[in-house]
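The structure appears right after this line, and notes come after that.
The values are calculated or read from the model by the stated rules, or taken from the named source; none is laboratory data. Predicted, not measured: the structure shown is a model, and the values here were computed from it. Backbone-built Cβ (ideal geometry, glycine too); neighbour counts: all protein chains shown.
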Amino acid sequence: MTILVTGSAGHLGEALMRSLRASGRPARGIDLKPSAFTDMVGSITDRAFVTQAVAGARWIVHAATLHKPHVATHSNRDFLDVNIAGTLTLLEEAAAKRIQSFVFTSTTSAFGAALTPAANEPAAWITEDVPGVPKNIYGATKTAAEGLCELFARSSKLPVVVLRTSRFFPESDDDPAVRSRYSLDNAQANEMLYRRLDIADAVAAHLLAIERAPDIGFGRYIISASTPFTKEDLADLRRDAAAVVWRLFPQAADLYRARGWTMFPQIDRVYVNALARRQLGWLPVHDFQHVLNCLAAGQDWRSPLAIATGSKGYHAEQFGEAPYRT
């Protein structure tokens, strides 16, 4: 009855292990790095280690990965080995052991260039139907790993759910312009409108995916905070995002002004989570209205789980403005 969680020393892996342990569900965390939430230390590229880790598990949540910040510090071969070959090894072991559910943590970075519309075009409305155009080795390898997941679901009848998660890390933005113009809290509050996710909602989506995978067979879902925008807002979001937000949330302007915060001048994409809410029964509770309610009450808008999990960074050494190389 054990749930195997890969990447247990990372943001999502730790949050999953915290939640599973708190609910009394048997869980086994594996990672390259020792941690309080890692039961077995080893690499998913090591077949013998993976075989041992999968033994006795009934469900697998595969959250281990090389992330976008690793592009600056790891080779393309490293990304292939971990994100593709490591995922393949896990899928093969899962199929051989007749695992009941395999949940793969992917990323909205798989959409790549599709997220950036041309100049003077409306913001992109991103659903699962939008074809991905990977922009870097991270996006390319996560997309390839998704393909392997679908292959095993169809050829081996392994129930697989792929979750394309948006940003849930607490670290500074990878865009130097955003880091220089907005405080961390300001930028991440803005992102809850269209491209961010609280880690508690991410965990809830993964646990639902474990339950629903056998009925779904194979599914791919965007996991991001519910957006208040509609398709009718997309053109205006590229021209004057603040005007749209203040219209939808009349109290927001004063709450922002009191903190010296500002809204992004433009929003270039909107992640749509409707399919996950409908098919997984996922009900994320952290959205922009939640942020505003917490600001009005003088409370932290992040979930207790996000606060407890905290910042991880992505590199052993610090350089530039971590976790990104400048």
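Worth a mention:
- Of the residues making up the range 234-255, those that are in contact (Cβ under 8 Å) with a residue 24 or more places away in the chain and either crowded, with 17+ Cβ neighbours inside 10 Å or in contact with a helix residue (DSSP H, G or I) (Cβ under 8 Å, 6 or more places away or on another chain) (or both) number 9.
- Considering A200, A258, the condition of being small (G, A, S) and more than 23 Å from the chain's Cα centre (by Cα) is satisfied by A258 alone.
- Positions within the range 1-40 being closer than 18 Å to E93 by Cα and either modelled with pLDDT of 95 or more or assigned to a strand (DSSP E or B) (or both), in sequence order: T2, I3, L4, V5, T6, G7, A27, R28, G29, I30, D31, M40
- Failed item in (1) more than 21 Å from H206 (Cβ to Cβ); (2) in contact with a helix residue (DSSP H, G or I) (Cβ under 6 Å, 6 or more places away or on another chain); (3) of a type in the set (S, T, N, Q), with S75 passing the rest: (2)
- Number of residues in the range 260-288 that are farther than 15 Å from A241 by Cβ and basic (K, R): the value is 2.
- Scanning the range 1-19 for residues that are of a type in the set (A, V, I, L, M) and either free of Cβ contacts under 8 Å to residues at least 24 places away in the same chain or touching an Asp or Glu at 6+ places or on another chain (Cβ under 8 Å) (or both) yields A9, M17.
- If you go through the range 177-199 and keep only what is modelled with pLDDT of 95 or more, touching a strand residue (DSSP E or B) at 6+ places or on another chain (Cβ under 7 Å) and either not aromatic (F, W, Y) or not in a loop (DSSP other than H, G, I, E, B) (or both), you end up with Q188, E191, R195, R196, L197.
- Per the conditions (1) of a type in the set (G, A, S); (2) closer than 28 Å to L305 by Cα; (3) modelled with pLDDT under 95, the sole criterion not satisfied by A202 is (3).
- Selected residue [aliphatic (A, V, I, L, M), crowded, with 16+ Cβ neighbours inside 10 Å and not in a strand (DSSP E or B)] from A118, A110: A110
- Test: residue in the range 225-239 that is part of a helix (DSSP H, G or I), polar (S, T, N, Q), under 28 Å from D129 (Cβ atoms) and modelled with pLDDT of 95 or more: no
- Residues in the range 132-161 that are in a loop (DSSP other than H, G, I, E, B) and not charged (D, E, K, R) were compared, and the one that is farthest from T108 (Cα to Cα) is S156.
- Restricting attention to the range 140-174, the residues that are more than 22 Å from I307 (Cα to Cα), at pLDDT below 95 and within 13 Å of the chain's Cα centre (by Cα) add up to 1.
- Residue in the range 84-105 that is farther than 17 Å from T165 by Cα, out of contact with any Leu (no Cβ under 8 Å at 6 or more places or on another chain), of a type in the set (S, T, Y) and assigned to a loop (DSSP other than H, G, I, E, B) present: no
Let's see how each residue does on (1) touching a Lys or Arg at 6+ places or on another chain (Cβ under 8 Å); (2) among the small types (G, A, S); (3) under 26 Å from D174 (Cα atoms):
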position	(1), (2), (3)
R212	no, no, no
T227	no, no, yes
L237	no, no, yes
A252	no, yes, yes
R269	yes, no, yes
A276	no, yes, no
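- The one condition in (1) in contact with a strand residue (DSSP E or B) (Cβ under 8 Å, 6 or more places away or on another chain); (2) closer than 16 Å to G86 by Cα; (3) of a type in the set (D, E, K, R) that R25 fails to fulfil: (2)
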